[in-house]
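The values are calculated or read from the model by the stated rules, or taken from the named source; none is laboratory data. In this text, all values refer to a predicted model and were calculated from it rather than measured experimentally. Cβ: placed from backbone, ideal geometry, glycine included. Neighbour counts: every protein chain shown. SASA here: full protein model, heavy atoms, side chains in, ligands and nucleic acids out. Shrake-Rupley method; radii C 1.70, N 1.55, O 1.52, S 1.80 Å.
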Amino acid sequence: MSLLTLGCARNEVDSEELAGRLGEGGWELVDEGAEADVVVVNTCGFVEQAKKDSVDTLLAASDTGAKVVAVGCMAERYGKELADSLPEAAAVLGFDQYNDLAERLNDVLHGKRIESHVPVDRRTLLPITPVKRQEAAADVQVPGHGWGPTKVQRKRLDDAPVAPLKIASGCDRRCSFCAIPSFRGAFVSRHPDEIVSEAMWLAENGVKELFLVSENSTSYGKDLPREQGALEQLLPRLASIPGVERVRVSYLQPAETKPSLVAAIAKTEKVANYFDMSFQHSSENVLRRMRRFGDTDSFLKLVWQIREHAPEAGIRSNFIVGFPGETEEDLAELERFLTEARLDAVGIFGYSDEDGTEAENLDGKLDADTIAERVQRIGNLVEELTSQRAEDRVGSEVVVLIEHEADDAAEEDCVGRAEHQAPEVDGECIVLEGEDLKRGDLVRCRVVDSEGVDLVVEPIEVLAT
């Protein structure tokens, strides 16, 4: 059996849980590209391009002659509709079938017909009141929330020194452009003891950096008793685990980011000074149509607050341009925010309709050419600003986690990431003359140059871990 993963770090956690389930069920996992009887594709259903990539992957897997099973967000979101349009897939399974996945693959292998998943709005599966959800969640399949001796054990799919660690699932926000809550469900936190237990296991298996993931990390603990739940309480516990050298938090909602959380991230030893802020736009007009809060000035105030605590903190965000009703004045407001905020990394996305969302029916839609032009315009600005931000780090010192040894590329230079750089999305550090450095080393380095958002660094010393 082969397991292919698309999409975000949350999907990576889910795949490692599925690998653990399948291993317990007697299935042997082979490397990607090796011959397999069954290929399980953990799909992404977030935006149109991600859905296309998922379908392309399913078709390519089918071309190998293996039986193909679709799981993950796209399978959960579309279910039978996907199965009907993609007969190449032997089965399309939703989250509720994860517990029995090994048995379902046995059925597929023996040619048994499996009823395709029929989607439901997963927000309806848990109580509206957050504090009532923990007990009810025991009866709802929430991917990535199983851990412990009586539950499925996660199986690592690589030996990277960084690993995503899920702290919560689902989202209670009702952003008009986003369909994620409908197929990921209402927000539910994992118990902190369960998270710590999994983090300890990851550290015992060579992980140096824990990358905390969820749909909304700032909501962590709102459904837990006060004495148990708060991200500010969880971070020191994770940072104190032997072997853990860096804890990184992802996906913070600006409207929910309290000063105490900013201080906890900035001041807790071994917690990366890194703020992944979900701004999405800065024009108050556009944000209200998105059913979000804030504006340019309040967002800038938050940025200054972060840099007051940690001047070298990395701040990244994503933005949607071309949203229905967006005017030239709105775009100029976004340009003002980006210019003054000087973020370290920025993703720019052109608006596209998502099935079942409120924005799909909003007036003021912009044509595709206008959206593309605005993406290019803001993208050019962002490229210039983020390159300048990287240049400003020349002469400073950074601590780099080595991820690729020099031998990997048959070169003397190796590659890693500094505190302000998250995996895959925020650039990297090219470490000069790093032929003696090993994967997983933490190295104090001096920044000597920059290439776009990437830094060129010279090693000073390997830090004891």
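Carbon-plus-sulfur accessible fraction, the chain (probe radius 1.4 Å, protein heavy atoms only): 48%. Stretching the chain fully between residue 291 and residue 120 yields a gain of 59.2 nm (0.36 nm per residue, less the alpha carbon separation). Summary of packing: across the peptides 174-181, 350-357, 188-195, the per-residue average of other C-beta atoms within 10 Å ranks them, highest first, as 188-195, 174-181, 350-357.
Based on protein heavy atoms only, region 154-195 ends up with 26 Å² per residue of surface accessible to a 1.4 Å probe.
For the listed peptides 306-313, 360-367, 441-448, a ranking on the average number of other beta carbons within 10 Å per residue, highest first, reads 441-448, 306-313, 360-367. Of all lysines in the structure, the ones whose alpha carbon falls short of 18 Å from that of residue 51, not counting any fewer than 8 places away in one chain, are 80.
Placing one equal scatterer on every Cα of region 241-393 and applying the Debye formula, the log10 ratio I(q)/I(0) at q = 0.10, 0.11 Å⁻¹ is -0.38, -0.46. Considering only alpha-carbon pairs that sit under 8 angstrom and 6 or more positions apart, the relative contact order computed for the chain is 10 percent. Distance from the alpha carbon centroid of region 101-118 to that of region 341-385 works out to 40 angstrom. Going by the alpha-carbon gyration tensor, a ≥ b ≥ c the square roots of its eigenvalues, is region 104-146 rounded (a/c under 1.5) or, if a/c is not under 1.5, prolate (a/b greater than b/c) versus oblate? Cα axes put region 104-146 in the prolate bin. Overall shape: prolate for region 142-216, with the ratio a/c of the largest to smallest alpha carbon gyration tensor axis at 1.5 or above and a/b above b/c. When Rg and Dmax are taken over the Cα atoms of the chain, they come to 22.2, 63 Å.
Assuming 0.36 nm per residue, please report the length gained on full extension of the stretch residue 240 to residue 460 beyond their Cα-Cα distance.
Residue separation times 0.36 nm, minus the Cα-Cα distance, leaves 76.7 nm.
Beyond 25 Å, how much of the Cα-Cα pair distribution for region 8-135 remains, as a whole percent? Counting pairs separated by more than 25 Å, the tail of P(r) holds 23 percent.
Fully extending the segment from residue 255 to residue 438, taken as 0.36 nm per residue of separation minus the present Cα-Cα distance, adds 61.8 nm. Above 18 Å, the calculated P(r) of region 95-236 contains 62 percent of its Cα-Cα pairs.
Quick one: grab the alpha carbon gyration tensor of region 244-319, order the square roots of its eigenvalues as a ≥ b ≥ c, and give me rounded if a/c is under 1.5, else prolate or oblate depending on whether a/b is larger than b/c.
Values: a/c = 2.52, a/b = 1.99, b/c = 1.27.
Prolate is the answer for region 244-319, as a/c is 1.5 or above and a/b outweighs b/c.
Across all directions, the average flat footprint of the convex hull enclosing the Cα atoms of region 1-71 is 4.4 nm². For residue 208, a cut-off of 29 angstrom between C-alpha atoms picks up these lysines, skipping any fewer than 8 places away in its own chain: 151, 155, 166, 222, 258, 267, 270, 438. Once the 1.4 Å probe is applied to the protein heavy atoms, region 1-73 comes out at 42 Å² accessible per residue. Inter-label distance, residue 53 to residue 342: 3.2 nm, where each label sits 7 Å from its Cα along the C-beta direction.
Suppose we look only past 19 Å in the calculated P(r) of region 299-388. What percent of the Cα-Cα pairs does that tail hold? Value for region 299-388: 45 percent of Cα pairs lie more than 19 Å apart. Take the alpha carbon atoms of region 392-455, find their center, do the same for region 265-340, and report the distance between the two centers in whole angstrom. The two parts, judged by their Cα centres, are 27 Å apart.
Rolling a 1.4 Å probe over the heavy atoms of the protein chains gives region 348-424 an accessible area of 52 Å² per residue.
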